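This report refers to the structure that appears directly beneath it.
The values are calculated or read from the model by the stated rules, or taken from the named source; none is laboratory data. For clarity, every value in this text was computed on a predicted model and none was experimentally measured. Cβ placement follows ideal geometry from the backbone for every residue including glycine, while neighbour counts extend to all protein chains displayed. The area values use the complete protein model at the heavy-atom level, side chains included, leaving out ligands, DNA and RNA. Shrake-Rupley method; radii C 1.70, N 1.55, O 1.52, S 1.80 Å.
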Amino acid sequence: MKRFFSILTILLAVIIVAITPQQHVNANGNYLSTWLWDTNRMLSEPDRILTFLESKEAEAVYLQIDRNIPSSSYRSFIQKAGDRGIAVHALDGASDWGERYSGKTPPPVFSWLNTYQNSAAPSEKFAAVHLDVEPYLHSTWNTDYKKSVFNYQKLMINSTKAANDMGLPLFADMPFWFDERTYNNKIGKGNLAEWIIKQADGVNIMAYRDKADGPNGITALVSNEMNWGNVYATPVTIGVETMNLGSSESFTTFYEEGETYMQAELEKVRSAYSGYRSFNGFSMHHTYSWIDMKP
């Protein structure tokens, strides 16, 4: 019996390694990725984007899906990105998706993506699905929180299954403060952030602050999520902001301080979590404000 459990433990470890998305580590020991929301930039200046990301040793770009753009444009961009060692994730989502797609049918982007993946060559395929829903931006979050969370959870369940049925992992964006929210419905009850980390194949924590240390610093704000990531063997990527959000929101972005300061602060966060198997590096929001960031 002990031999049986020993073999079972080894098999489970192998399975976890197999299904956990493998990431590229840059020279600084970080995993770097970014959101690319303006899909038209993919068409107008793909080489500028990819040259910059290659110079930063980024391993992934989350590319917004625009179903009006020909599939051939995506195939070309993904091929070029792959030649530079950069994976491309299919990015989509909106705050009302929980209300619109909480039934058994996932959002239309999954149908488009399934058709795309089936017709693309291996070097032209998306590497993952990246879901950015942010249900708290929809009015239902404040008028009927319980319903909003339930619909969001059903959307997450359906979307994860749709992605996994295509052989793709599903990553989900969520704010750092989801660990202060709970749920109690037909799905069960518990902490919302923990549930998402258990449900998804990977998460991006929007830890939009401009410092590493202190009670409101990035390191402290993601501590619960990093621990749950360890428990559930879920990669946790820490998202940071580089946009100009104005003086009233300057504490949420590295825009004013610049890249040198930002990298020094991120190094402190990396040092704090480098021993965590859940640590999956940093994501920059977003590609063009990162490109235009001062040194």
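Go through Asn204, Asn224 for me and flag whichever is surrounded by 23 or more Cβ atoms within 10 Å (Cβ to Cβ) and touching a strand residue (DSSP E or B) at 6+ places or on another chain (Cβ under 9 Å).
Only one candidate qualifies: Asn204.
In region 233-257, what residues are surrounded by fewer than 15 Cβ atoms within 10 Å (Cβ to Cβ) and either part of a loop (DSSP other than H, G, I, E, B) or of a type outside the set (Gly, Ala, Ser) (or both)?
Selection gives Asn244, Gly246, Glu249, Phe251, Glu256.
Identify, from the list Leu32, Leu36, Leu53, Leu63, the residue that is touching an Asp or Glu at 6+ places or on another chain (Cβ under 8 Å) and within 21 Å of Glu241 (Cα to Cα).
Leu32
Only one of these is farther than 28 Å from Trp290 by Cβ, open to solvent by 40 Å² or more (accessible area, probe 1.4 Å), modelled with pLDDT of 95 or more and assigned to a helix (DSSP H, G or I): Lys189, Lys198. Name it.
Only one candidate passes the filter, namely Lys198.
Restricting the first residue to region 216-230 and requiring it to be over 16 Å from Ala172 (Cα atoms), which pairs with a second residue that is acidic (Asp, Glu) and part of a loop (DSSP other than H, G, I, E, B) meet a Cβ separation below 7 Å and a spacing of at least six or different chains?
Taking only residues 6 or more apart or on different chains, the pairs are Thr219/Asp213.
Of everything in region 123-152, what is touching a residue at least 24 places away in the same chain (Cβ under 8 Å) and charged (D, E, K, R)? Give them in sequence order.
Glu124, Lys125, Asp132, Glu134, Lys146
Step by step: first the residues of region 258-293, then only those that are assigned to a loop (DSSP other than H, G, I, E, B) and touching a residue at least 24 places away in the same chain (Cβ under 8 Å), then the one that is surrounded by the most Cβ atoms within 10 Å (Cβ to Cβ). Which residue is that?
Ser278
Can you name the helices (runs of 4 or more DSSP H) wholly within region 48-132 that have at least 1 residues being in contact with a Leu (Cβ under 7 Å, 6 or more places away or on another chain) and buried (at least 19 other Cβ atoms within 10 Å of the Cβ)?
71-83, 97-100
Okay, residues lined up against (1) of a type in the set (Gly, Ala, Ser); (2) closer than 20 Å to Lys125 by Cβ; (3) modelled with pLDDT of 95 or more:
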| site | (1), (2), (3) |
| --- | --- |
| Phe4 | no, no, no |
| Leu8 | no, no, no |
| Pro21 | no, yes, no |
| Pro46 | no, yes, yes |
| Leu53 | no, yes, yes |
| Leu63 | no, yes, yes |
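As an exercise: evaluate Gly214 against (1) over 27 Å from Gln199 (Cβ atoms); (2) open to solvent by 60 Å² or more (accessible area, probe 1.4 Å) and give the number of the one condition it does not meet.
(2)
When you scan region 33-47, how many residues do you find that are over 10 Å from Tyr288 (Cβ atoms) and part of a helix (DSSP H, G or I)?
7
Has region 156-177 got at least one residue that is surrounded by 15 or more Cβ atoms within 10 Å (Cβ to Cβ), touching a helix residue (DSSP H, G or I) at 6+ places or on another chain (Cβ under 7 Å), modelled with pLDDT of 95 or more and charged (D, E, K, R)?
Among the residues of region 156-177, not one is surrounded by 15 or more Cβ atoms within 10 Å (Cβ to Cβ), touching a helix residue (DSSP H, G or I) at 6+ places or on another chain (Cβ under 7 Å), modelled with pLDDT of 95 or more and charged (D, E, K, R), which makes the answer no.
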